[in-house]
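Peer 1: Below are the C-alpha cells for one structure; questions will follow.
The values are calculated or read from the model by the stated rules, or taken from the named source; none is laboratory data. Please read all numbers here as calculations on a predicted model, not as lab measurements. Here the Cβ is made from the backbone with ideal geometry for all residues, glycine too, and neighbour counts use every protein chain on show. Accessible surface areas use protein heavy atoms only, side chains included; no ligands, DNA or RNA. Shrake-Rupley method; radii C 1.70, N 1.55, O 1.52, S 1.80 Å.
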Amino acid sequence: MKKLNYQPTRLQAREIKNPFETMDYFFHDFPIHETRENFWELYKGWVFQSSQYANEETIKDMLCFYTQFMEFLDASYLYTKIQTK
C-alpha cells in the first residue's frame with residue numbers, strides 16, 4: 001500500500017482500514033505508564049550494550065528517536081481516549 005510506502009507490515013487488512021482499533025487494543029494490554037517504563041528499559045539496554053560501539057551521532061539520533069517516540073506514544077494514547085468518548 002502506498003500509505004505504508006510498500007514496507008512490510010504485520011497489520012491485517014482490517015487493521016489497515018481501522019488503525020484506531022489496533023492502537024486501542026495495544027493500550028488495553030499495555031497501560032501507558034507500563035509502556036513508558038518498558039520502552040525506557042529497552043532504551044537503557046541499547047545504550048549500555050551499544051555505547052562502546054556507537055559513535056556520538058548514533059547515540060544522539062537514538063535519544064532523539066526515543067524522545068519523539070514517547071511523544072508519538074502519548075499522542076496515540078490521547079487519540080484513543082478521545083475517540084472512545
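Peer 1: Quick one: what pairs do we get from the range 58-85, first residue in contact (Cβ under 8 Å) with a residue 24 or more places away in the chain, second surrounded by 12 or more Cβ atoms within 10 Å (Cβ to Cβ), C-beta under 6 Å, 6+ apart or different chains?
Peer 2: Listed by first residue and then by second, the contacts come to Tyr66/Tyr43; Ser76/Met23; Tyr77/Phe27; Tyr77/Ile32; Thr80/Met23; Thr80/Asp24; Thr80/Phe27; Gln83/Phe20.
Peer 1: Next up: Which fully enclosed helices (runs of 4 or more DSSP H) of the chain have 2 or more residues being modelled with pLDDT of 85 or more and on the phi < 0 side of the Ramachandran plot?
Peer 2: Here the list reads 19-29, 32-50, 56-83.
Peer 1: I've got another one for you. Quick one: in the range 35-53, of everything that is over 13 Å from the mean Cα position of the chain (by Cα) and within 14 Å of Met70 (Cβ to Cβ), which residue is least open to solvent (accessible area, probe 1.4 Å)?
Peer 2: Lys44
Peer 1: Do any residues in the range 15-27 that are surrounded by 14 or more Cβ atoms within 10 Å (Cβ to Cβ) have Cβ atoms under 7 Å from those of residues that are in a helix (DSSP H, G or I) and among the acidic types (Asp, Glu), where the two are at least six apart or on different chains, and which pairs are they?
Peer 2: Glu15/Glu21; Thr22/Glu15
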